[in-house]
Amino acid sequence: MERFGVVVIGGGPAGYVAAIRLSQLGVKTALVEKEELGGECTNYGCIPSKYLITVARKAWAVKELSDKGVFRTSLEVDMTRVTEGMRAVVGRLRQGIGYLLREYGVKHIKGFAEIIDQNTVRVTNGGSNTELETENILIATGTEPSTLPSIPTDQNRVVDYRKMLYLGRIPKTLLVVGGGAVGMEIGTAYAMLGATTTVVEIMDQLLPGMDADAARAVKRGVEKIGVKTYVKTTVTSYSYVDGGVEVELSNGERGVFEYVLVSVGKKPSGWVQGLKNIGVELDGKGFIKTDNQMRSSVSNIYAAGDVTGPPFLAHKSFKQGFVAAEAIAGKETRYSSVIPYGVFTHPEVAFVGKVSGDGLSVARFPFLALGRALADAEEGFVKIFAEQSGRLVGAVVVGPHATEVVQVITPLIEKGASVDDVANAVYIHPTYAEALGEAAHMLLKKAIHYVVK
């Protein structure tokens, strides 16, 4: 039986980052993954969805120019080529992760892992079993798509986001059940590619939990490209008919859709439930409870990434994997980062920190007063939030490159910077990031490019 300092279970963002960092710190490490390296993000989430969104945005831009007479040609998207390109990008990233693991001396084992006890992991691959002895275990097994009893996925015409991303065709009609980040991103992309798209969300706004102004901006934005949206609405019944799926909604609407995408969140796998047998404590929804060093209730078993619960973000997983690795190696480290959140819709939206609550000062700078946005004919805004002391605590960005702009202000919030610090920074002109400084000037009653009444 081979002995390791750590066995990492799961090769996604949390797992492979932790394995590499552990090996850098001199810990003998094995990484067990039953499917492909890269996990959800690389194979079924961040990367393929952004590839699809990028193609869709470019196709939509060409369509808009064609409608204005700039291009005198029709546009037809070859989704076979799009899917081939998507698979190629995903494949290159998987190969890159494998290369990094080899170069840093991590032993990559493909197979299904079972934790026999807190020092033994059994790996099954085909008909063979291998037992690994280990001082520590890091669980980074991610999640799986949640389902709805009223319209369960069958991967035929009622599908989850994994199937939808690799569909290889543009549906004539698409119903998206769930107006969260994943549903809105994929639904928006297919709408831009030509699908007649409808989104239903059970909560009272799209992107539940998002700043209300940002959510309204997304609703307006997607409706401009033809997406029909219903909030406080869900599916009451469905049936297969010629041409697709006939669906009845709780608002009384009925329709036939070629495909239905069910995107209602994520849940831990049944495998995680078995961890209770070795003393690992789970929360009420079945996610692993950890402290700020990513240690579970069992002293030598750690967890990182989506398996610890929301938010389900790859960059959160990267950070937690890094923290877990350093904690296992004996370093004084804590997970307490301010985590930015972004959604690649139309328009793009992002936020970070505290963006609601009593006693906060708020400034909203519209892109109507931003030179770069006017030059690009784009809409949006930046909102920043501060305590009465002047300490910056949060920001919301809506518009082009929102996810990049919010990244500018994230480290300032994490370090407890003041509104003055944001205002005094020098921003390249003309850029969207300038709006951060403009909003800070508004809070300080020094607005230059906007009249505050």
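The values are calculated or read from the model by the stated rules, or taken from the named source; none is laboratory data. Please read these numbers as outputs of a predicted model, since none were measured by experiment. Positions of Cβ are backbone-derived with ideal geometry, glycine not excepted, and every protein chain shown enters the neighbour counts.
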Looking at the range 97-110, is at least one residue outside any helix (DSSP H, G or I), touching a Gly at 6+ places or on another chain (Cβ under 8 Å) and in contact (Cβ under 8 Å) with a residue 60 or more places away in the chain? yes
Condition (residue is assigned to a strand (DSSP E or B), surrounded by 22 or more Cβ atoms within 10 Å (Cβ to Cβ) and under 15 Å from the mean Cα position of the chain (by Cα)) applied to the range 315-327: is it met by at least one residue? no
Output the number of the condition that Phe351 fails; it satisfies all remaining conditions of (1) farther than 30 Å from Thr197 by Cα; (2) part of a strand (DSSP E or B); (3) outside the structural domain of Thr134 (by TED's automatic domain parsing); (4) not small (Gly, Ala, Ser). (1)
Look through the range 1-55, keep the residues that are among the β-branched types (Val, Ile, Thr) and surrounded by 24 or more Cβ atoms within 10 Å (Cβ to Cβ), and return whichever of them is nearest to Lys110 (Cα to Cα). Val32
For the range 413-432, check the following and say yes or no: at least one residue is touching an Asp or Glu at 6+ places or on another chain (Cβ under 7 Å), within 26 Å of Gly179 (Cβ to Cβ) and either outside any helix (DSSP H, G or I) or of a type outside the set (Val, Ile, Thr) (or both). no
Return yes or no: is Thr290 part of a loop (DSSP other than H, G, I, E, B) and either at pLDDT 95 or above or of a type in the set (A, V, I, L, M) (or both)? yes
Which pairs do you get when a residue that is assigned by TED's automatic domain parsing to the domain that holds Glu387 and polar (S, T, N, Q), found in the range 361-376, comes within reach of a residue that is crowded, with 16+ Cβ neighbours inside 10 Å and in a strand (DSSP E or B), reach meaning Cβ atoms under 9 angstrom, with the pair 6+ apart or on two chains? Ser361/Ile384; Ser361/Phe385; Ser361/Ala386
Restricting the search to the range 387-419, which residues are of a type in the set (D, E, K, R), farther than 22 Å from Ala212 by Cβ and surrounded by 15 or more Cβ atoms within 10 Å (Cβ to Cβ)? Glu404, Glu414
Of the numbered conditions (1) more than 29 Å from Ala324 (Cβ to Cβ); (2) in a strand (DSSP E or B); (3) modelled with pLDDT under 95, Thr197 satisfies every one except a single condition; which is it? (3)
Is one or more of the residues making up the range 135-145 among the polar types (S, T, N, Q), touching a residue at least 24 places away in the same chain (Cβ under 8 Å) and out of contact with any helix residue (DSSP H, G or I) (no Cβ under 8 Å at 6 or more places or on another chain)? no
Just name the residue that is surrounded by the most Cβ atoms within 10 Å (Cβ to Cβ) out of those in the range 111-144 that are part of a loop (DSSP other than H, G, I, E, B) and within 30 Å of the chain's Cα centre (by Cα). Ala140
Checking Lys163 against (1) in the same structural domain as Tyr259 (by TED's automatic domain parsing); (2) part of a loop (DSSP other than H, G, I, E, B), which test does it fail? (2)
For the range 295-314, which residues satisfy the criterion of being surrounded by 23 or more Cβ atoms within 10 Å (Cβ to Cβ), in contact with a strand residue (DSSP E or B) (Cβ under 6 Å, 6 or more places away or on another chain), not aliphatic (A, V, I, L, M) and not in a strand (DSSP E or B)? Ser296, Thr308
Which residues, counting only those in the range 178-212, are acidic (Asp, Glu) and in contact with a strand residue (DSSP E or B) (Cβ under 6 Å, 6 or more places away or on another chain)? Glu201, Asp204, Asp211
Can you tell me which residue among Gly226, Gly209 is in a loop (DSSP other than H, G, I, E, B), of a type in the set (Gly, Ala, Ser) and under 20 Å from the mean Cα position of the chain (by Cα)? Gly209
Give Glu144, Glu135 a once-over and let me know the one that is farther than 26 Å from Met86 by Cβ and charged (D, E, K, R). Glu135
Conditions (1) at pLDDT below 95; (2) more than 26 Å from Ala181 (Cβ to Cβ); (3) in contact with a helix residue (DSSP H, G or I) (Cβ under 7 Å, 6 or more places away or on another chain) -> Ala386 fails only (1)
